[in-house]
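What follows is calculated from the coordinates using simple rules that are stated; it is not laboratory data. Since the structure is predicted, the reported quantities are computational estimates derived from the model, not experimental observations. So basically every Cβ, Gly included, is an ideal-geometry build from the backbone, and we count neighbours across all protein chains shown.
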């Protein structure tokens, strides 16, 4: 009997907690409509438990009110700042960012499938579930109404090297511009301006070592025609860091997967074939890597690394032949090694012309010429 009583008591407390949270949401709704920072701050504080309470955390209204309060704080502080008064800039910026975070959470929660009295889904004429919304128009107005502000915040954070803030702000901005409801309102940015935003978004992400995201945005920037600020080098470096992460974990399949997926979009990328050769060399050896290195040289006649890697692979191929055949004479080695070394010299010579600062090439060329002397081959 006591156990049953205890269970009922716990159930009662849970119910009371749910009711309390719903009452809090009602109170927040009143405060969120205020134009006083104090009221809005109180609203934001009060709504926090409702954002994690199971009874309210999946309600669009809960997140809408949080976003409304956060944007309200930002708006009021902006008015004061524009009037020449001192404001807490950290509070100003965080309120704007929090507003976007809350409202982006609210929007998908407002898409609710309609049901019949028996619980079955209501279907439209195409047999698809009917969706109803209640708060979406207000959410959309709040989001699109602050689109310029979040871009300005991203630019300011970038100028102050606040990389996380810049990356987050640019991400909110680009996500918002990509949203169907934004496009429906005719809000857009010219390709040249958007390409610059994508570059700086990627640049901020690169600084925080979010290389996957940086690579994506550098790629988008270039697709929109962006060529400034060594964007290609940053993209290549991002790719290299992504691949290196897989290599460090000895996850070669993922490394190949990333490269092959990138090759779908860029089938003539010498950089990607050179990277694939590097992965193959580490996993399987130089014989597997050589075709990829050579492919890279055919795709870009000015790609110094590809020519160097091809020459190096050929040089190592010859070294392995020597190592695997300790009993062979010099005369026996000549027909085996001469064509390989001659081919390697061609690639090293081209690599040296393209990259005179590569200090490894002269030593390798000298070593091949020395081996030719030892074999009695005149060059």
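Taking the stretch 30-58, which residues are within 16 Å of residue 71 (Cβ to Cβ) and surrounded by 17 or more Cβ atoms within 10 Å (Cβ to Cβ)?
31, 32, 37, 39, 40, 41, 42, 43, 44, 47
For the stretch 39-49, state whether one or more residues are touching a helix residue (DSSP H, G or I) at 6+ places or on another chain (Cβ under 6 Å), under 20 Å from residue 109 (Cβ atoms) and not in a helix (DSSP H, G or I).
No, every residue in the stretch 39-49 fails to be touching a helix residue (DSSP H, G or I) at 6+ places or on another chain (Cβ under 6 Å), under 20 Å from residue 109 (Cβ atoms) and not in a helix (DSSP H, G or I).
Just for helices (runs of 4 or more DSSP H) wholly inside the stretch 123-235: which have at least 2 residues that are under 19 Å from the mean Cα position of the chain (by Cα)? Walk me through it before giving the result.
Working: elements: 136-145, 147-159, 163-178, 180-184, 191-207, 211-223.
Of the helices (runs of 4 or more DSSP H) lying wholly inside the stretch 123-235, those with at least 2 residues that are under 19 Å from the mean Cα position of the chain (by Cα) span 147-159, 163-178, 191-207, 211-223.
Table: residues versus (1) touching a helix residue (DSSP H, G or I) at 6+ places or on another chain (Cβ under 9 Å); (2) surrounded by 12 or more Cβ atoms within 10 Å (Cβ to Cβ); (3) more than 15 Å from residue 93 (Cβ to Cβ).
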residue: 125; (1), (2), (3): no, no, yes
residue: 139; (1), (2), (3): yes, yes, yes
residue: 143; (1), (2), (3): yes, yes, yes
residue: 147; (1), (2), (3): yes, yes, yes
residue: 158; (1), (2), (3): yes, yes, no
residue: 165; (1), (2), (3): yes, yes, no
residue: 174; (1), (2), (3): yes, yes, yes
residue: 180; (1), (2), (3): no, no, yes
residue: 183; (1), (2), (3): yes, no, yes
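Do you know which of the residues in the stretch 340-379 that are under 41 Å from the mean Cα position of the chain (by Cα) and part of a loop (DSSP other than H, G, I, E, B) is nearest to residue 301 (Cα to Cα)?
The extreme case among them is 355.
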